[in-house]
Amino acid sequence: RAAYGSETWVLGLHKSAAALEVAKRENASILMEDDHETKYEDFNPNNPDDYIGLSLRQSAFLNQSLQLAANIQDEYKNKVKRFDRGVKQAGFLVLYKTTMPAILIELGFMSNQKEEVFLASDSGQNKMAEATYRAFKKYKESIESINNAVAGDPDNNKTDPPVDLEPKDQPKDKIPDSE
């Protein structure tokens with residue numbers, strides 16, 4: 001009941017035994033599903049080695065996930081005035097097998113009466129949704145800027161001017177004689 005604030009999680013290497021235990025508890029629910037061995041490809045939420053595999057799959061996108069998560073937390077803290085619980089890493093199954101940056105957002109705690117009122121209100125939901133949108137937009141613009149620079153467009157021009165491929169010195173309806 002005393003917990004409050006928002007936090008954003010990314011799939012990453014476990015920094016502590018406590019983070020691993022949280023991930024195990026969260027992921028243990030898959031064991032109740034029918035045919036979970038096939039559905040989750042023999043993933044065992046109680047086996048630490050399986051979490052290492054999860055981390056390796058996600059490592060290609062860890063930096064981008066961290067950037068997006070930091071944007072989210074920044075918006076919540078500075079624009080919505082939420083308590084910042086930070087960006088954290090764990091092996092949550094909902095982030096498993098993503099082939100893109102991935103985050104899990106904890107908007108708040110329903111066990112905290114004050115937060116429950118805020119999160120259940122239209123105003124609170126709109127504020128959190130708008131902050132999430134702004135953070136994602138900022139992230140997207142950052143990635144597009146990097147991609148444009150890598151593609152040789154340091155000014156971030158979205159399109160190049162059209163190129164006229166027709167020769168200027170020949171009529172368009174006449175095909176040149178070949179020898």
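Quick look at the values:
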| read-out | value |
| --- | --- |
| For the stretch 113-125, 3J(HN,Hα) per residue [Karplus equation, 6.51 cos²θ - 1.76 cosθ + 1.60, θ = phi - 60°, Hz, x = Gly/Pro] | 4, 5, 5, 4, 4, 4, 5, 7, 7, 4, 4, x, 5 |
| For the stretch 68-138, Kirkwood radius (reciprocal of mean inverse C-alpha pair distance, Å) | 13.1 Å |
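Throughout, read-outs are computed from the coordinates displayed, never taken from laboratory work. Predicted model only: the values in this text are computed from it and were never measured.
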